[in-house]
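The values are calculated or read from the model by the stated rules, or taken from the named source; none is laboratory data. Predicted, not measured: the structure shown is a model, and the values here were computed from it. As a convention, Cβ positions derive from the backbone with ideal geometry for all residues, glycine included, and neighbour counts pool all protein chains shown. Quick note on the areas: whole protein, heavy atoms, side chains included, nothing else; ligands and nucleic acids left out. Shrake-Rupley method; radii C 1.70, N 1.55, O 1.52, S 1.80 Å.
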Amino acid sequence: MIYKGIIERYKKYLPVTDKTPIITLYEGNTPLLRAKNIEKFLDINCEIYLKFEGANPTGSFKDRGMTMAISKAVECRSKAVICASTGNTAASAAAYAARAGLKCSVIIPDGSIALGKLSQAMMHGAKVIALKGNFDDALKIVLEITEKYPLTLVNSLNPYRIEGQKTAAFEIIDFLGRAPDYHFIPVGNAGNITAYWKGYTEWKTGPKMMGFQASGAAPIVRGKPVKNPKTIATAIKIGNPASWKKAEQARDESKGVIDTVTDGEIIKAYKLLASLEGIFVEPASAASVAGLIKYKDVIVSKAKQSRFTIVCTLTGHGLKDPDRAIKSAIQPKVIDQNMKKILKAIGL
Ligand code: F0G
C-alpha cells in the first residue's frame, strides 16, 4: 500500500467515514530507531528505540492529531480554527488549516516560543497573537472564545487530536510486533501521554508509561498547578495541563510514573542524542531520554530476569529551536584564509 498518512493507514480504528475529507500532509510512519550507541553509553542490557516524531511534515507529533482535527473540522463545515500553543500545535494547525482553506488563529505566550515554530505559523498565514502571559493564560482565553464564537478548538482537548495521536502507539506495536516494556515520553499539556495510552489499551496491551515534566514546570508531580512555570524546554512550559487527570490515569493503569527532569538533565540528553545517534531534537523532546537516564538503575535492577524493550518518544525536531542549539554547542571558529591556521583548527 502506498503510504498516505495516518488516516488512510488506520481508518478502521479512527472516527472517520467515507465522507470525511482527508486533509493530510502524509504525517506519521516516522522512524523507530534502535539506539545502540546510547545503550552502550548507558551500559544497559535493554533494547532502546527512539520514535522520532520530528520526521513529521511540520516537525512534530502534533501533525498526527492535526490531520484528524482539521479533517473533522472540514467535515463539520467549520470555517475557522483556533488554538493556544507553546509553538508546535500552532505550526501544525497553521499548516493543515492552510491546506484545508480554513482560517487559523493561534495564541502564543509572547517571548516564550522557539523561533522555528513562530516562523512556521507566520508563513502558513495564521493570525498570530502573542499574548502577554503564559500558555495557561492563552488556553483559558481560547476556551472562552470557543464557547462564545463558532471557531473550532484544535488543542488536544479536541478529542480528534487524541484519536490521531494514538496512531503512534499503533506504529510502535506494528514495528516491534508487540508493545514495549517501558515507554518514556515528555509531558506538557498531557495530551500525548493520554493518546499513547489510549492507543496501547485499544490493543489490550501496554508498557509502563514513564512521563517526564521539566522540574520548573511539574504540576502533576507537585500535585498542584504551577503559577509561573520555568524551563528552557519551552514546549512543555505549562503549569496547569488540560489532560492532567487522564495523564494520571495512564500512569496508574500502566503502573508507570510521572516524574521530573531538570533543565540540566534535559540539555545533557539533548546533546547525547545529537552527538551519539545523529538525531537532532528540540529540548522538550529530550525529556524522555533524560527520564530514561534518571531511571536507568531501577530498570537495570529489574532487567536481570529479562531483557526489556524501551521506547522513548522524541516529540519534535531540533531545527524548531536553533537558538537553544547554538547556545548549547561549541561555537564555530572564525579564521582568516590562512591554510596553516585552518589546518590547526581542524586538528591536523
Ligand atoms: N514535546 C513537544 C515538542 C511539544 O511541543 C509538546 C507540547 C510536548 C512535548 C508535550 O506534549 O502537551 O501532549 O503533553 N506542545 C504543545 C504545543 C503544548 O502547544 O505545541 P503534551
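For the chain, what is the Kirkwood hydrodynamic radius in Å, using each pair of distinct C-alpha atoms? Evaluated on the chain, it is 20.5 Å. Rolled with a 1.4 Å probe across the full set of protein chains, the surface gives Ser254 an accessible area near 10 Å². Here Lys117 sits with roughly 0 square angstrom of accessible surface, probe radius 1.4 Å. 3J(HN,Hα) couplings calculated from phi for segment 151-166 with the Karplus curve 6.51 cos²θ - 1.76 cosθ + 1.60 (θ = phi - 60°) are, in sequence order, 10, 8, 6, 10, 6, 6, 5, 6, x, 5, 4, 5, 4, x, 6, 5 Hz; Gly and Pro show x.
Accessible area per residue for segment 62-157, computed on protein heavy atoms with a 1.4 Å probe, is 43 Å². Remark on Leu131: its backbone amide H falls under 5 Å from those of Ile108, Asp110, a criterion applied only to residues 5 or more positions apart or on other chains, H modelled at 1.01 Å from N.
Taking all Cα-Cα distances within segment 86-232, those exceeding 21 Å account for 52%. Per-residue Karplus couplings for segment 298-310, computed as 6.51 cos²θ - 1.76 cosθ + 1.60 with θ equal to phi - 60°, are listed in order as 4, 5, 4, 5, 7, 6, 4, 7, 9, 8, 7, 9, 10 Hz, Gly and Pro entered as x.
Within the accessible surface of the chain, defined with a 1.4 Å probe on protein heavy atoms only, the carbon and sulfur portion equals 55 percent. Legend: calculated FRET efficiency, Lys132 to Lys11, from the Cβ-Cβ distance at R0 = 41 Å, rounded to 0.05, equals 0.45. Restriction of the trypsin sites (Lys or Arg not before Pro) in segment 278-308 to DSSP coil positions whose beta-carbon has at most 13 other beta-carbons within 10 angstrom yields Lys304, Arg307.
Just to make sure I understand: if all protein chains stay in place, what is the order of Arg64, Arg251 by accessible area at 1.4 Å, largest first? Mind dumping the intermediate values first?
Numbers: Arg64 0, Arg251 55 Å².
My answer, sorted largest first, is Arg251, Arg64.
Ordered from highest to lowest accessible area with the whole protein assembly present and a 1.4 Å probe, Asp18, Asp321 read as Asp18, Asp321. Met122 contributes an accessible area of around 120 Å² to the protein surface, as traced by a 1.4 Å probe with all chains present. For the chain, the mean residue ellipticity at 222 nm estimated from helices alone is -12500 deg cm²/dmol, where every DSSP H run of n ≥ 4 contributes -39500 (n - 2.57) and the total is divided by all residues, rounded to the nearest 500. Seen from Met123, the other residues with C-beta closer than 14 Å to its C-beta sum to a net charge of +4, counting Lys and Arg as +1 and Asp and Glu as -1.
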